[in-house]
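Just below is one structure, and these are the notes that go with it.
Any read-out appearing in this document is the output of simple, stated calculations on the displayed coordinates, not a laboratory observation. Please read these numbers as outputs of a predicted model, since none were measured by experiment. Here Cβ is always computed from backbone atoms with ideal geometry, including for glycine, and neighbour counts include all displayed protein chains.
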Amino acid sequence: MGAGHAHKLYRHGHSPVHALPPHTKLTAVFAFVVVVVSTPRTAVWAFALYAALLGTVAYAARVPASFLLKRLLIEIPFVAFAVLMPFVAQGERVDVLGVSLSVNGLWGAWNVLAKGTLGVAASVLLAATTELRELLLGLQRLRLPPLLVQIASFMIRYGDVITDEMRRMRIARESRGFEARGVRHWGVLAKSAGALFIRSYERGERVHLAMISRGYVGSMPVIDEVTASRAQWSYALALPCAALVVCLLGWFL
């Protein structure tokens, strides 16, 4: 399985976190997110400890805080949604700086922001320490349905090809004096989108026929068999296990 394209979220390094097998990191991140989501929203201190745990992982992976914070901007739409919750939610109200806000809405906003931010941060750390090709190998190792792994592989492999096709079509339009300025130009853009879809579909058929002619029978050959030792599993699962202890304390304290 080839798809060895580097992605913008990946940060090349030789840290112990980078060296972990991908399926151990995928399992650790998934378990960590499940634990975070299961934590009661009133245990504010628990979320601070979760952030400290992720900070420790980032330090071990040698991922700068600026790198992490810049990529957390992807959650801005969720932040906007959370900010609106105290204003539109029903129930008991409280005045904050002269503004009437819903108590349930404030807790809901905190719940979305805290858990969403921690989940995104964990995902960013995973992407920063694992190449795309390794992620696909990890998913395959975890017995994800092969069809889904292949779809993800082709999406990664040909995403840049489709983007480059869009760029060439844009240059061709501009070289002919076209410039989208309003609704009356939407028809041209719609035709371009249709042409892009047809070209992508035809390319997919050609690639499929080429693969069949080379012996493709519905599954991709595994070139690298990724394995993990017990020590590597222990190292990777230290994060969700520590988070689980914090979660249990949050429920019982």
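A few points about this structure:
- Under 26 Å of direct C-alpha separation, and excluding same-chain neighbours fewer than eight residues apart, Lys8 reaches these lysines: Lys25, Lys70, Lys115.
- Most fluctuating residue given options Leu97, Leu126, Leu118, as computed from a GNM of the chain linking Cα atoms under 10 Å: Leu97
- Think of each Lys and Arg Cβ as +1 and each Asp and Glu Cβ as -1; about the Cα centre, that makes the dipole of the chain roughly 640 debye.
- Value of relative contact order over the chain, rounded to a whole percent, pairs C-alpha under 8 Å and six or more apart: 38
- A DSSP coil position with no more than 13 other Cβ atoms inside 10 Å describes the following GluC sites (Glu not before Pro) in the stretch 160-253: Glu179, Glu225.
- Cα→Cβ-extended label distance, 7 Å offset, between Val161 and Ser100, nm: 6.0
- The chain: most fluctuating residue of His185, His18, His208 per GNM, C-alpha cutoff 10 Å: His185
- Top of Val149, Val44, Val35 by mean-square fluctuation, Gaussian network on the chain, Cα under 10 Å: Val44
- Amide H contacts of Arg93: Val103, each under 5 Å away and 5 or more positions distant or on a separate chain (H built 1.01 Å from N in the peptide plane; Pro and chain starts excluded).
- Among Gly119, Ser102, Tyr50 - extreme Cα towards positive end, dipole of the chain, charges at beta-carbon: Gly119
- Seen against the Cα atoms of the chain and their longest principal axis, helix 22-38 is set at about 40 degrees.
- With contacts taken as Cα pairs under 8 Å and at least 6 residues apart, the stretch 79-186 reaches a relative contact order of 14 percent.
- Rounded to the nearest 20 debye, the dipole size of the stretch 122-253 about its Cα centre is 540 debye, using +1 on the Cβ of Lys and Arg and -1 on the Cβ of Asp and Glu.
- Estimated purely from DSSP H runs of n ≥ 4, each contributing -39500 (n - 2.57), the mean residue ellipticity at 222 nm for the chain is -23500 deg cm²/dmol once divided by its residues.
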